[in-house]
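For reference, the structure is listed below as structure tokens.
The values are calculated or read from the model by the stated rules, or taken from the named source; none is laboratory data. From a predicted model like this one, the values you see are computed outputs, not experimental measurements. Here the Cβ positions follow ideal geometry from the backbone for every residue, glycine too, while neighbour counts run over all protein chains shown.
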Amino acid sequence: MKYSDFKLERYFAQYEFTAKYLLSSSDCESMSIAELLSFSKGSNEELQKVWLGYTESKGHPLLRERIAQTYQSMNQSNVLIHSGAQEAIFNFVHCFLNINDHIVVLKPAYQSLFSLAEDRGLKVDAWTFKETARGWDLDLNELKSLINPKTKAVVVNFPHNPTGFNPSLDMFKGLIEICREKNIYLFSDEVYRGLEYQSETLPAACDLYEKAISLGVLSKAHGLAGLRTGWIATQSEDVLNKMASFKDFTTICHSAPSEFLSVIGIEHQDKIIERNNKIITKNLTFASEFFQRHSDVFDWKPPIAGPIAFIGLKKENSDLFCKRMVEEPSIMILPSSVYDFGQKHIRIGFGRQNFIEILGHLDKFI
């Protein structure tokens, strides 16, 4: 099977390690192994004892238990560990969706949420964000109109990448009721959950709906991308069994040292996410002032959750703007074309400590 190039990842591969300044990172500030171990007394010695053999295919029971405790109604049997969120998306699409199925995907979206299904031959329709004078918005009636008898799943992502949108609780419950009424699955990408600053933290979809699959990862809100720990949580035994069996053909099992370190990350996630929310809040203050000051160049609509924003350009298409930025001041910014969303927007990330410094370089250039 031939897969489409992953436009965003190919863009990062080209510039991430050559540009001096990354202004489009989607994750939060990371840390060293020593910093992570410092959260748990005696963990440095325990790490030395970790056995480097195969691990349990479903994931270490303690890690699954700790992850389950972050939900309202899950236990370890409802959690399946993957190597990052990407593997979980890949496995769901390939073991649970059939060629004759139809899915509806919220767009713009992280490419694998829709392109893997398209490449397999599934029919995919877009539930598309609308840009208003106040920001980004969604219409549940539009979603209803896209669902047909062959629809097997709706795929969403909240807090949203790249717009920074987060629905109200009423809207989220309305989405779930549509899925329940139509008896279809809800695949809910929740990798930024916990990074809400102008909206409430929504309940996990898996806690509200028996046919929901919640996707989690340590890469984004926790800033622990190097651990490559992702998971799904769901009440559906059918989904869990099929994805567990399919995983035998991908990674089989996770890394033992990574699972040990991931337990620490989950056990101390309140402190880790609180730290990252403080970084985001500080950086957003500077971002708002900067983009409003340069309102002749940018159309700034403040995000309400997550560490990224989708910003309009008033004078130049996004491919040309981003090419100029990476070639002249050596600042990497993502164009909206990597999301198949035209040429009018750019994505920036403000979850890292050096954001204000990089914004200063962009300010001088502009």
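Per-residue answers, yes or no, for (1) of a type in the set (S, T, N, Q); (2) surrounded by fewer than 23 Cβ atoms within 10 Å (Cβ to Cβ); (3) more than 30 Å from I147 (Cβ to Cβ); (4) touching a Ser or Thr at 6+ places or on another chain (Cβ under 6 Å):
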{"site": "T229", "(1), (2), (3), (4)": "yes, no, yes, yes"}
{"site": "S245", "(1), (2), (3), (4)": "yes, yes, no, no"}
{"site": "K271", "(1), (2), (3), (4)": "no, yes, yes, no"}
{"site": "N277", "(1), (2), (3), (4)": "yes, yes, yes, no"}
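Contact map, the range 272-290: first residue without any contact (Cβ under 8 Å) to a residue 40 or more places away in the chain, second residue surrounded by 17 or more Cβ atoms within 10 Å (Cβ to Cβ) and among the polar types (S, T, N, Q), Cβ cut-off under 9 Å, separation 6 or more or different chains; the map is empty. So which residues in the range 1-34 are in a helix (DSSP H, G or I), among the polar types (S, T, N, Q) and either in contact with a Ser or Thr (Cβ under 7 Å, 6 or more places away or on another chain) or loosely packed, with under 11 Cβ neighbours inside 10 Å (or both)? None; the set is empty.
If you take the residues in the range 273-311 that are small (G, A, S) and part of a strand (DSSP E or B), which one is nearest to F355 (Cα to Cα)? Spell out how you get there, then give the answer.
Step one: filter the range 273-311 for residues small (G, A, S), giving 287-288, 295, 305-306, 309.
Filter once more, keeping what is part of a strand (DSSP E or B): 305, 309.
Numbers: A305: 17, A309: 13 Å.
Per the criteria, the residue is A309.
Residues of the range 117-155 that are of a type in the set (S, T, Y) and at pLDDT 95 or above: T128, S145, T151. For the range 89-126, a tally of residues being more than 19 Å from I213 (Cβ to Cβ), in contact with a helix residue (DSSP H, G or I) (Cβ under 8 Å, 6 or more places away or on another chain) and not in a strand (DSSP E or B) returns 2.
Only one of these is within 15 Å of the chain's Cα centre (by Cα), surrounded by fewer than 22 Cβ atoms within 10 Å (Cβ to Cβ) and assigned by TED's automatic domain parsing to the domain that holds T201: Q111, Q76, Q69. Name it.
Details: Q76 fails: within 15 Å of the chain's Cα centre (by Cα); Q69 fails: within 15 Å of the chain's Cα centre (by Cα).
None of the other options fit; the residue is Q111.
Considering M31, M1, M74, which residue is touching a helix residue (DSSP H, G or I) at 6+ places or on another chain (Cβ under 6 Å) and in contact (Cβ under 8 Å) with a residue 60 or more places away in the chain?
Working: M31 fails: touching a helix residue (DSSP H, G or I) at 6+ places or on another chain (Cβ under 6 Å); M1 fails: touching a helix residue (DSSP H, G or I) at 6+ places or on another chain (Cβ under 6 Å).
Of M31, M1, M74, the one residue that is touching a helix residue (DSSP H, G or I) at 6+ places or on another chain (Cβ under 6 Å) and in contact (Cβ under 8 Å) with a residue 60 or more places away in the chain is M74.
Here is a yes/no grid of residues against (1) surrounded by fewer than 17 Cβ atoms within 10 Å (Cβ to Cβ); (2) of a type in the set (S, T, N, Q):
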{"position": "L195", "(1), (2)": "no, no"}
{"position": "L208", "(1), (2)": "no, no"}
{"position": "S219", "(1), (2)": "no, yes"}
{"position": "P257", "(1), (2)": "yes, no"}
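Restricted to helices (runs of 4 or more DSSP H) entirely inside the range 191-269, those with at least 3 residues that are under 21 Å from the mean Cα position of the chain (by Cα) and closer than 15 Å to T70 by Cα are 205-208, 256-267.
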